[in-house]
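Shown next, in structure tokens, is the structure this report addresses.
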């Protein structure tokens with residue numbers, strides 16, 4: 001196994017641990033049984049991203065984005081097809097009665113922002129903890145729009161994409177979500193090096 | 001460090017966002033004026049107290065477990081309204097419940113946690129109103145579309161009936177014409193039938209789909225000329241018809257008037273343009289003038305021209321009708337020099353005044 005292969009394996013393992021942690025936090029926070037399927041990781045160029053998203057539907061996408069900077073910099077997005085995002089939020093918040101006449105769509109966006117925050121934090125937090133990276137993070141941002149518009153900003157300057165697919169299972173519904181991590185070539189190199197150091201102790 | 005944040009307290013005090021901080025021992029170190037106003041918990045009752053003692057939900061394990069990473073510089077944590085509506089007490093508790101979102105971030109040097117509470121009640125209400133307005137407008141649009149479709153159907157139906165009734169009138173005129181032995185009476189009745197036919201034709205176009213406030217004048221004239229020439233061809237007259245019609249749209253009334261003018265001029269050519277041993281060539285043109293505001297209608301033949309080589313007879317009913325209708329449309333007539341009879345009508349593309357009631 002080459003050092004690069006080993007780094008890839010380690011990254012996939014850390015992401016898997018992060019997704020597991022995310023499921024734990026979601027379950028504890030929501031008091032409902034949320035399962036996240038074993039994630040699959042792919043490393044690709046930005047040009048291949050649009051065709052590789054599993055969350056893409058006919059309409060718009062909903063995403064939660066967080067930027068990070070430090071030893072490696074970039075941004076991470078949790079992406080759903082908007083229709084699926086609505087179903088997911090409705091399912092995990094079933095039984096929560098809104099007290100007033102609040103706009104359900106806005107409230108849904110806020111809830112999805114928290115779900116994205118939990119998932120991205122768990123993955124980035126796990127990676128950063130293990131390789132002892134000190135990162136600064138932006139607050140999470142909810143985005144909704146057409147795929148090309150939604151992914152364009154984050155893609156600018158990115159040389160490598162880490163695409164993680166996982167399936168959210170709540171009650172009887174299953175919703176595909178993509179975690180997209182945008183990294184510059186330099187940041188990806190730094191991450192590989194840090195993972196190499198971690199593997200070699 | 002927490003002390004740096006505290007040094008910024010005068011600024012944080014005035015922010016329209018609820019701000020509070022805790023140190024590494026979970027003790028509240030900053031509680032701004034907005035937090036006091038929103039929760040009814042004064043700074044004196046919060047500062048130096050344990051977070052879970054002031055905001056009770058934060059003593060629960062599920063909240064602490066998410067916040068603990070922040071003490072080590074972990075990523076920001078959000079608490080959304082739908083999942084954590086009871087996180088902050090509401091002062092007084094009257095009126096609609098406030099929609100508040102909370103973001104917790106690590107303080108520099110992992111010296112504690114900064115909480116920012118944002119009130120989005122008004123934004124959410126505005127979004128709700130905007131959505132309701134969009135829904136209302138969509139419903140109104142749908143209603144209008146349905147009403148328009150129903151109106152179009154009625155226009156088609158009415159036009160169909162008018163066309164059929166006019167066709168019946170033409171048939172009755174033909175029957176009466178057949179009974180008469182007087183060629184003068186027959187000619188008058190034939191002209192009358194032709195004029196009614198030109199009116200019937202526009203109704204045919206209407207029920208076949210040319211619906212709208214404006215009607216395609218070029219399509220109407222094309223069909224009108226072909227119909228009139230076809231009727232004369234039935235009488236054994238050989239006619240070479242050339243039409244050069246640029247696309248133009250006029251309101252229904254104006255289109256009808258231009259049709260009647262064209263019908264008179266074309267019929268005149270067919271009647272008086274024949275010369276022995278020479279095929280009749282008839283040209284009908286419709287052009288938009290360079291200024292874009294005027295249309296030019298041309299009807300010309302290769303016949304002997306107007307009687308006496310001059311102007312058409314002002315005493316004839318057909319020419320009187322043409323003069324009257326052109327005047328009504330605000331246009332003007334130009335009789336062109338021969339050979340043949342050639343008339344050019346200049347028409348404003350948009351009528352300025354409504355047509356006189358007697359012509360409607």
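The values are calculated or read from the model by the stated rules, or taken from the named source; none is laboratory data. It should be emphasised that the depicted structure is a prediction, and the values quoted were computed from it without experimental measurement. Virtual Cβ from ideal backbone geometry, glycine too; neighbours counted across all protein chains shown.
Just one of the listed residues (B:48, B:109, B:52) is away from chain A (no Cβ under 14 Å), more than 51 Å from the chain's Cα centre (by Cα) and assigned to a helix (DSSP H, G or I), and it is B:52. Just one of the listed residues (B:327, B:308) is at pLDDT 90 or above and in a helix (DSSP H, G or I), and it is B:327.
Can you spot a residue in the range B:68-87 that is free of Cβ contacts under 8 Å to residues at least 12 places away in the same chain, more than 9 Å from every other protein chain (Cβ to nearest Cβ) and in a loop (DSSP other than H, G, I, E, B)? The answer is no, given that none of the residues of the range B:68-87 is free of Cβ contacts under 8 Å to residues at least 12 places away in the same chain, more than 9 Å from every other protein chain (Cβ to nearest Cβ) and in a loop (DSSP other than H, G, I, E, B). Please tell me if residue A:122 is free of Cβ contacts under 8 Å to residues at least 12 places away in the same chain and assigned to a helix (DSSP H, G or I). Considered against the rule, which asks whether it is free of Cβ contacts under 8 Å to residues at least 12 places away in the same chain and assigned to a helix (DSSP H, G or I), residue A:122 comes out as no. Residues that are crowded, with 21+ Cβ neighbours inside 10 Å and touching a helix residue (DSSP H, G or I) at 6+ places or on another chain (Cβ under 6 Å) within the range B:47-62 comprise just one, B:51. Scanning the range A:130-153 for residues that are more than 8 Å from chain B (Cβ to nearest Cβ) and not in a strand (DSSP E or B) gives A:130, A:131, A:132, A:133, A:146, A:147, A:148, A:149, A:150, A:151, A:152, A:153.
Name the single residue, out of those in the range A:154-197 being assigned to a helix (DSSP H, G or I) and in contact with a helix residue (DSSP H, G or I) (Cβ under 6 Å, 6 or more places away or on another chain), that is surrounded by the fewest Cβ atoms within 10 Å (Cβ to Cβ).
The selected residue is A:196.
Only residues that are farther than 18 Å from residue B:221 by Cα and in contact with a strand residue (DSSP E or B) (Cβ under 6 Å, 6 or more places away or on another chain): list them for the range B:312-330, please. Selection gives B:330 alone.
Listed here are the residues, each with its yes/no results for (1) at pLDDT 90 or above; (2) closer than 18 Å to residue A:169 by Cβ.
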residue	(1), (2)
A:5	no, no
A:22	yes, yes
A:35	no, yes
A:53	no, no
A:56	no, no
A:66	yes, no
A:79	yes, yes
A:89	no, yes
A:92	no, yes
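One residue is enough: does the range B:119-128 have a residue meeting the conditions outside any helix (DSSP H, G or I) and within 11 Å of chain A (Cβ to nearest Cβ)? Within the range B:119-128, one or more residues are outside any helix (DSSP H, G or I) and within 11 Å of chain A (Cβ to nearest Cβ).
A residue that is more than 19 Å from residue B:187 (Cβ to Cβ), surrounded by fewer than 19 Cβ atoms within 10 Å (Cβ to Cβ) and in contact (Cβ under 8 Å) with a residue 60 or more places away in the chain occurs somewhere in the range B:246-255. Criterion first (under 23 Å from residue B:268 (Cα atoms) and away from chain A (no Cβ under 14 Å)) does residue B:149 satisfy it? It is false that residue B:149 is under 23 Å from residue B:268 (Cα atoms) and away from chain A (no Cβ under 14 Å). Might you let me know whether the range A:100-112 holds any residue that is without any contact (Cβ under 8 Å) to a residue 40 or more places away in the chain, facing another protein chain (nearest Cβ under 9 Å) and within 20 Å of residue A:21 (Cβ to Cβ)? Yes, the range A:100-112 contains at least one residue that is without any contact (Cβ under 8 Å) to a residue 40 or more places away in the chain, facing another protein chain (nearest Cβ under 9 Å) and within 20 Å of residue A:21 (Cβ to Cβ).
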